[in-house]
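Remarks on the structure that follows.
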Amino acid sequence: MREVPGRLPTAGTPFEHGVISDRPPPPALLTGDALTDLLGAMLAVAGHLELSAVLDRFVQVSAELTHARYGAINVLDDSGTSTTFVYTGVPTAVARMLRHPPHAHGVLGQIPHEGVLRLDDLTQHPAFQGWPAHHPSMGSFLGASVKVGEHVFGQLYLSEKEGGGAFTVGDERMVLALAAAAGVAVANAQLYAEAERREHWLRAGQDITTMLLEGVDEESALEHVARTAREVAGADTAALALPGMGGELFIELADGYHAAELTGLVMPRGGRAWTVLEEGRGLLTPSLSASRTVKVDEMRAFGPAMFAPLHSSGRGVGVLVLLRRIGRTPFDERDLATAESFAAQAALAYVLAEARHAQDVAALLDERERIARDLHDLAIQQLFATGMQLETVRRRAARGVDPQELTSIVEEALDNVDSSVRQIRQIVYALRDPDAATGLVERLRREASLARTGLGFAPSLVLSLDGEDLSQDDADAQDHLDERLEQQLTDDVVAVVREGLANAARHAQASSVTVRVAVRGSGPTGSVEVDVEDDGVGLPADRERSSGTGNLAARARQHGGTFSIGTAPSGTGTLLMWQAPLG
């Protein structure tokens with residue numbers, strides 16, 4: 001829950017030693033201006049969806065309706081400990097000097113679940129033990145419980161009726177009605193916050209799945225899992241405990257508070273992390289610092305904790321650990337349910353990524369076998385035959401055979417050697433460039449499609465041949481364009497487009513990028529031109545790296561072409577221009 005203006009996170013309470021009377025609530029009858037004011041106040045409280053805003057407004061209108069100088073709502077956990085304290089009337093400087101927020105102990109613990117508690121002078125109550133240092137003096141007091149369903153969400157405190165008088169039966173009626181409305185508003189705010197939290201978890205899970213299935217580096221993906229989980233859960237620290245060497249469970253990485261101290265820790269057998277991993281069910285802990293069963297000293301630096309299993313199809317991939325600092329609100333069952341769903345989705349994506357990696361390895365092994373087979377069948381066998389021919393030449397030369405006949409055999413052997421070299425070159429070139437057999441048009445479209453992820457949108461690709469734009473369905477024209485460029489020049493054009501799109505994704509902050517590739521003429525008199533234009537922020541004044549653009553300039557020089565990069569003609573964005581002759 002985020003802090004709002006008026007909240008007193010570290011201060012004491014103006015009412016901690018208040019004296020409270022215990023009388024039955026009066027009939028809830030309000031008429032005239034009082035009823036109008038109450039209805040307006042109810043609407044003001046119900047008009048907010050964020051819990052912090054609801055509490056702040058509730059305290060303000062309660063004090064205004066009852067003409068109280070001081071007002072506060074104290075949100076309590078199940079043990080009666082204050083988790084949120086929102087106040088009005090107490091000067092900020094005074095509030096900061098008080099040591100701690102109030103608890104539902106002493107006379108404050110006597111506020112009933114139903115009705116109100118009212119006292120003309122709280123200092124006269126037998127349980128009153130004096131004011132804390134720097135605490136303002138108070139007399140009249142009115143307190144009530146704010147309920148969400150049957151659960152007491154918090155307590156409303158009002159003190160110091162204007163004019164020095166006591167709170168009235170009319171004030172009690174106001175507070176009872178407003179507390180009921182506040183209970184409904186709090187419930188709605190909690191539902192809204194829960195829906196937002198679920199939406200954030202779902203979006204985070206989708207992002208993780210997309211990252212892993214797109215082939216992002218495993219370590220980067222896991223770091224994103226931890227960071228995202230910490231932010232969405234409102235935790236101070238997130239850690240991923242993963243199985244490692246020797247069957248141990250290690251904290252592979254951590255993000256947030258005390259992350260460095262946690263990274264590399266071994267989770268003890270029988271501990272919470274192992275239990276969650278083996279049973280596949282999440283676990284909540286109100287406070288690690290107060291637990292006697294915590295076996296890792298570094299974990300005692302934290303309060304509330306949540307352990308969610310990274311499970312997929314019965315397989316335990318790891319454990320997501322979310323931690324909050326000592327004194328913060330504990331995680332609840334709703335937090336655990338959404339975290340478990342997120343962890344399961346992340347685990348599934350992780351397993352699928354592993355499967356895809358295994359498939360890639362298998363494909364690589366198959367490709368190696370094919371290469372070995374091609375080398376043996378096409379190149380090595382031919383070289384072996386050539387060696388046999390040369391051996392024949394050696395034997396015949398030793399017997400004094402006609403030199404012209406020997407020359408014929410040697411020439412045939414040399415032809416076989418050239419053929420073997422060509423075969424080996426083709427195999428090596430296929431290894432270096434799997435796209436060698438793919439045409440320029442198809443490769444450019446593939447580059448544009450791959451750039452969508454980095455840019456956040458699809459770039460525009462415009463191809464033209466001899467001044468005529470190519471349509472996507474004109475296969476003949478596309479073949480003609482492919483035929484105009486030899487392989488090395490095709491590779492360089494693809495590299496230029498790739499670098500231009502990468503620069504736009506890294507630096508431009510653009511909303512549109514257009515790639516234009518124009519081929520004119522053929523042979524030495526023809527040319528190919530590549531333009532990559534974006535509408536982004538333009539070139540930085542001080543560029544730290546230029547290796548990419550330096551490579552483009554080198555590629556242009558190799559072909560006797562030109563390269564430039566500068567501001568687009570529109571005055572905003574960047575235009576990259578690369579040109580080379582076809583011959």
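Structure notes:
- The reciprocal of the average 1/r between distinct C-alpha atoms defines the Kirkwood hydrodynamic radius, which for segment 222-340 equals 13.9 Å.
- 14 Å beta-carbon shell around G282, net charge (K/R +1, D/E -1): -3
- Table column - 3J(HN,Hα) (Hz), segment 279-289, Karplus curve with 6.51, -1.76, 1.60, x for Gly and Pro: 8, x, 10, x, 8, 10, 10, x, 7, 6, 5
- Model label sites at T525 and A362, defined 7 Å from Cα along the beta-carbon direction, differ in position by 5.6 nm.
- Cβ-Cβ FRET estimate between T293 and V417, R0 fixed at 60 Å, reported to 0.05: 0.20
- Cα centre as origin, Lys/Arg/Asp/Glu Cβ charges: segment 436-581 dipole, Debye: 660
- Length gained on full extension, Y192 to S564, computed as 0.36 nm times the residue gap minus the Cα-Cα distance: 128.6 nm.
- Taking other Cβ atoms within 10 Å as a rough exposure proxy, F307, F457, F128 sort from fewest to most as F457, F128, F307.
- From least to most packed, judged by other beta carbons within 10 angstrom and beginning with the fewest, F141, F331 follow the order F331, F141.
- Computed E for Q487/V462 - FRET, C-beta separation, R0 22 angstrom, nearest 0.05: 0.40
- Ranked list, fewest to most other Cβ atoms within 10 Å of each Cβ, for K295, K161: K295, K161
Each value in this text was obtained by applying a stated rule to the coordinates, not by laboratory testing. Small disclaimer: the values here were computed from a predicted structure and weren't measured. Cβ: placed from backbone, ideal geometry, glycine included. Neighbour counts: every protein chain shown.
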